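Chemist: One structure, as structure tokens, below. Some questions next.
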């Protein structure tokens, strides 16, 4: 990396820290007026953003980029509207900064209050979707944080065009323009420096993208990371399951959208009722063109499935493919999940509350569910308004990372002259 | 580091992870019965522990170790009693695991609950105090975590003798003996490997000791760290302070115990009343043999102080020394603290609630106080029962790290067959 770029990144870090000190004290109205000004500016500059996007799309096509990748990259009127709508949704989310989390009195008369504060400076590294520029910038701002964005090189022009509107909104509202910054180069070395060279300036990094991006971030980051590598989500159909619910939930968990992290990848079925349940489940999934890969025991019931291999249990297909395993009851299900889980989201289908409670207690994932589709693993569905991603680590934020999870706290102690004996 | 030691450390990490999976599900009675059995075993083995301690003390004396260091190392009947008393205090702390942190219903009928879970495996690295072996082991266990301890080489025999009682307690209660492990060597390379080689097995590291230890841990750790490097705590005497409170609180904040992280290091005085307040404060502190180091303006009022130099504002004396600066009101105080703070604990003395509120809002430290001594920065004083240390990072735990801060959480979602539209 050039000395100039290093200097520039260091300066961005310092400016972000300064901005964050001002944002810590910014009230909700000010932050919301900036978000509204951003939404207005994006609508006003729609044509410029679309033009920039065409540049990215043409480059991507010339590079023979995949169809799904291209789909994530392309902007149109509707998608730009959804970006400004998204900003206005974030206005509606309650501002967590300054909220009292808990409060208690001590016998000596001291009153102790735990108050939410912003986290500080957040780095967000993302890939092809240009809308992440606005989503991530706005979510961080709402929680009083400064943010340094680094978009994918494929969406460079689109992201920068959207970023311009964010900056205009900040300036219009009178907030520091460095509250949201974007790294002004596609040089890949900049990512490395963001991850390991700016520890004093960045408090947390959020990777948004595929496995290889997240892997790189988790390996190289010298600061905490909010993210998840893979979402190998399981649905376990217990012997006491209601078969209609089991089918509906499984089909939804696998097929509603196959490319999201909360999509189910493995179906576990209790051996007690497998011969009754499995044919019905298989029929429902196959009816939607889902490929089934079964364990040896399940192949005895449904003969025309592809035999599952060992690595099927640890594969995130992100496609219309599901692995199926017959297990020995709730214990077998828990053993399998604990062996292959990526600690994301797992669901049990049963009418037996006791069995459900064992599953909910013993499965150590960010989200455990009873009689519900794993596709509900989402900040919006949890009522958080919006999320910057799902975290599977055990630190600070786990599960959907919304505005509240982008905060820290401090203790406020009020006394009347107390001294410690 | 030898291949054998590396192998042994890897095995310790794996065993800790296995133990933590069992501890996650251990109920409070079981954990408490282990803690009681540990306390009994320590009392029973008092003579062995004291003998081991003599070995450490003799070695330390031969190495010309400092008096304060020696004081922290020495065990006697009373100190051993306080170790077993400490274990019984931890029994009394409420078990956080399984507690519902919040709970809400979604319009689609899903019920979402945020439930506390253990963090996993904790590494604790400490120096001379052998009692940390029991304190840290017990606190981690109470929160359902496995722990790998690494005591200082100076307290090697004492820590191992205490550790034996912890292990006996675990075995007696029927908990995995690897729930608490201690690194069985004084090889310093083992610390490096603990910090950077066992990321898969250790979820968080807690350093307990002096600045050089904490610095090393923060620099080398590949996992999150709960700790603080320094506690440069400030007391600001506002023009609207009650002079009696100001004196009592300042004297206590500086002199109650000078060697703890919550001890005040810098006294800031509003210029408006400095000529009235400063002589009284100086007299009270000097009466207790506290050395005063004053800024230029304060030297005009008290002529016989040592002139403070620039680096006095960023020095943690941990001794009967205080730096004194006259500042321009609350804004001057906030500017000074924000420039030199280590984000630990800062206190304002004033009868003006509005001024206090500005201070409490704008000072970004783990603990901010109004009319109270900074020496209250302590988990016990906060009502947490006991603490493993104070954290000044903005992640996960901030301020005193008690049993509750040693937990994570998961989302439990209960439905009746909901699918996502």
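Chemist: Regarding residue A:145, is this residue surrounded by fewer than 23 Cβ atoms within 10 Å (Cβ to Cβ) and either at pLDDT below 90 or farther than 26 Å from residue A:341 by Cα (or both)?
Modeler: no
Chemist: Mind counting the residues in the stretch A:44-74 that are exposed (fewer than 14 other Cβ atoms within 10 Å of the Cβ) and under 17 Å from residue A:84 (Cα atoms)?
Modeler: Residues in the stretch A:44-74 being exposed (fewer than 14 other Cβ atoms within 10 Å of the Cβ) and under 17 Å from residue A:84 (Cα atoms): 2 in total.
Chemist: Could you please find all residues in the stretch A:8-19 being within 14 Å of residue A:147 (Cβ to Cβ) and in contact with a helix residue (DSSP H, G or I) (Cβ under 8 Å, 6 or more places away or on another chain)?
Modeler: A:12, A:15, A:16, A:18, A:19
Chemist: Test residue A:272 against the criterion of being more than 28 Å from residue A:381 (Cα to Cα), part of a loop (DSSP other than H, G, I, E, B) and assigned by TED's automatic domain parsing to the domain that holds residue A:318, and give yes or no.
Modeler: Spelling it out, residue A:272 is indeed more than 28 Å from residue A:381 (Cα to Cα), part of a loop (DSSP other than H, G, I, E, B) and assigned by TED's automatic domain parsing to the domain that holds residue A:318.
Chemist: Please verify whether the stretch A:293-310 includes one or more residues that are more than 30 Å from residue A:391 (Cβ to Cβ) and within 28 Å of the chain's Cα centre (by Cα).
Modeler: No, the stretch A:293-310 contains no residue that is more than 30 Å from residue A:391 (Cβ to Cβ) and within 28 Å of the chain's Cα centre (by Cα).
Chemist: Additional query: Within the group A:240, A:203, which residue is crowded, with 16+ Cβ neighbours inside 10 Å and within 17 Å of residue A:326 (Cα to Cα)?
Modeler: A:240
Chemist: Right, next: Which residues, taken from the stretch B:202-214, are part of a loop (DSSP other than H, G, I, E, B) and out of contact with any strand residue (DSSP E or B) (no Cβ under 6 Å at 6 or more places or on another chain)?
Modeler: Answer for the stretch B:202-214, where residues must be part of a loop (DSSP other than H, G, I, E, B) and out of contact with any strand residue (DSSP E or B) (no Cβ under 6 Å at 6 or more places or on another chain): just B:210.
Residues are listed down the side, and each one gets a yes or a no for (1) within 11 Å of chain A (Cβ to nearest Cβ); (2) surrounded by fewer than 18 Cβ atoms within 10 Å (Cβ to Cβ); (3) in contact (Cβ under 8 Å) with a residue 12 or more places away in the chain; (4) part of a strand (DSSP E or B):
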position	(1), (2), (3), (4)
B:195	no, no, yes, no
B:216	no, yes, yes, no
B:222	yes, yes, yes, no
B:231	no, no, yes, no
B:236	no, no, yes, yes
B:247	yes, no, yes, no
B:267	no, no, yes, yes
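Chemist: Sticking with this one: Can you confirm whether the stretch B:7-19 contains a residue that is assigned to a loop (DSSP other than H, G, I, E, B), touching a residue at least 60 places away in the same chain (Cβ under 8 Å) and surrounded by 14 or more Cβ atoms within 10 Å (Cβ to Cβ)?
Modeler: no
Chemist: Right, here's the next one. When you look at residue A:386, is it surrounded by fewer than 23 Cβ atoms within 10 Å (Cβ to Cβ), within 30 Å of residue A:219 (Cβ to Cβ), outside the structural domain of residue A:237 (by TED's automatic domain parsing) and under 23 Å from the mean Cα position of the chain (by Cα), yes or no?
Modeler: Here the answer is yes, as residue A:386 does meet what is asked.
Chemist: Go through the stretch B:249-265 and report how many residues are crowded, with 20+ Cβ neighbours inside 10 Å, at the interface with chain A (Cβ under 10 Å from one of its Cβ atoms) and part of a loop (DSSP other than H, G, I, E, B).
Modeler: 1
Chemist: Turning to a different aspect of this structure: Any residue that is touching a helix residue (DSSP H, G or I) at 6+ places or on another chain (Cβ under 8 Å), within 10 Å of another protein chain (Cβ to nearest Cβ) and free of Cβ contacts under 8 Å to residues at least 12 places away in the same chain - is there at least one of those in the stretch B:404-419?
Modeler: yes
Chemist: Determine, yes or no, whether residue A:394 is under 19 Å from the mean Cα position of the chain (by Cα), assigned to a loop (DSSP other than H, G, I, E, B) and at the interface with chain B (Cβ under 8 Å from one of its Cβ atoms).
Modeler: Yes; evaluated as a whole, the condition is true for this residue.
Chemist: Test each condition in (1) free of Cβ contacts under 8 Å to residues at least 12 places away in the same chain; (2) out of contact with any strand residue (DSSP E or B) (no Cβ under 8 Å at 6 or more places or on another chain); (3) under 30 Å from residue B:388 (Cα atoms) for residue B:259 and report the one that comes out false.
Modeler: Failed condition: (1).
Chemist: Would you mention how many residues in the stretch A:87-110 are part of a helix (DSSP H, G or I) and more than 17 Å from residue A:404 (Cα to Cα)?
Modeler: Matching residues across the stretch A:87-110 total 1.
Chemist: Consider the stretch B:155-174. How many of its residues are touching a residue at least 40 places away in the same chain (Cβ under 8 Å) and over 23 Å from residue B:387 (Cα atoms)?
Modeler: Matching residues across the stretch B:155-174 total 5.
Chemist: Before we move on, is residue B:124 modelled with pLDDT of 95 or more, touching a strand residue (DSSP E or B) at 6+ places or on another chain (Cβ under 6 Å), away from chain A (no Cβ under 14 Å) and under 19 Å from residue B:147 (Cβ atoms)?
Modeler: When the stated conditions are applied, residue B:124 passes them.
Chemist: A follow-up question, please. Assess whether residue B:5 counts as being more than 14 Å from every other protein chain (Cβ to nearest Cβ), modelled with pLDDT under 95, more than 30 Å from residue A:385 (Cβ to Cβ) and touching a helix residue (DSSP H, G or I) at 6+ places or on another chain (Cβ under 7 Å).
Modeler: Taking the combined requirement at face value, the residue satisfies it.
Chemist: Let me ask you something else. When only residues in the stretch A:357-375 that are under 18 Å from residue A:241 (Cα atoms) and without any contact (Cβ under 8 Å) to a residue 24 or more places away in the chain count, which is farthest from the chain's Cα centre (by Cα)?
Modeler: A:357
Chemist: Quick check on my filter: what residues within the stretch A:382-416 are farther than 30 Å from residue B:379 by Cα and modelled with pLDDT under 95?
Modeler: Result: A:383, A:384, A:385, A:386, A:387, A:388, A:389, A:390.
Chemist: Please enumerate the residues belonging to the stretch B:28-50 that are closer than 22 Å to residue B:127 by Cα and free of Cβ contacts under 8 Å to residues at least 40 places away in the same chain.
Modeler: Once the filter is applied, which keeps residues that are closer than 22 Å to residue B:127 by Cα and free of Cβ contacts under 8 Å to residues at least 40 places away in the same chain, the stretch B:28-50 yields B:46, B:50.
Chemist: Which one of these does residue A:151 not meet: (1) closer than 21 Å to residue B:367 by Cβ; (2) buried (at least 20 other Cβ atoms within 10 Å of the Cβ); (3) free of Cβ contacts under 8 Å to residues at least 40 places away in the same chain?
Modeler: (1)
Chemist: State the number of residues belonging to the stretch B:86-106 that are exposed (fewer than 14 other Cβ atoms within 10 Å of the Cβ) and away from chain A (no Cβ under 14 Å).
Modeler: Of the residues in the stretch B:86-106, 1 are exposed (fewer than 14 other Cβ atoms within 10 Å of the Cβ) and away from chain A (no Cβ under 14 Å).
Chemist: Consider residue A:33 carefully, then state whether it is surrounded by fewer than 19 Cβ atoms within 10 Å (Cβ to Cβ), at pLDDT 95 or above and either out of contact with any strand residue (DSSP E or B) (no Cβ under 9 Å at 6 or more places or on another chain) or not assigned by TED's automatic domain parsing to the domain that holds residue A:127 (or both).
Modeler: Yes: the conditions hold for residue A:33.
Chemist: Between B:353, B:334, B:348, B:330, which is surrounded by fewer than 18 Cβ atoms within 10 Å (Cβ to Cβ), under 22 Å from residue A:416 (Cα atoms) and modelled with pLDDT of 95 or more?
Modeler: Just one listed residue meets the conditions, B:353.
The values are calculated or read from the model by the stated rules, or taken from the named source; none is laboratory data. Values in this document were obtained by computation on a predicted structure and should not be read as measured data. Positions of Cβ are backbone-derived with ideal geometry, glycine not excepted, and every protein chain shown enters the neighbour counts.
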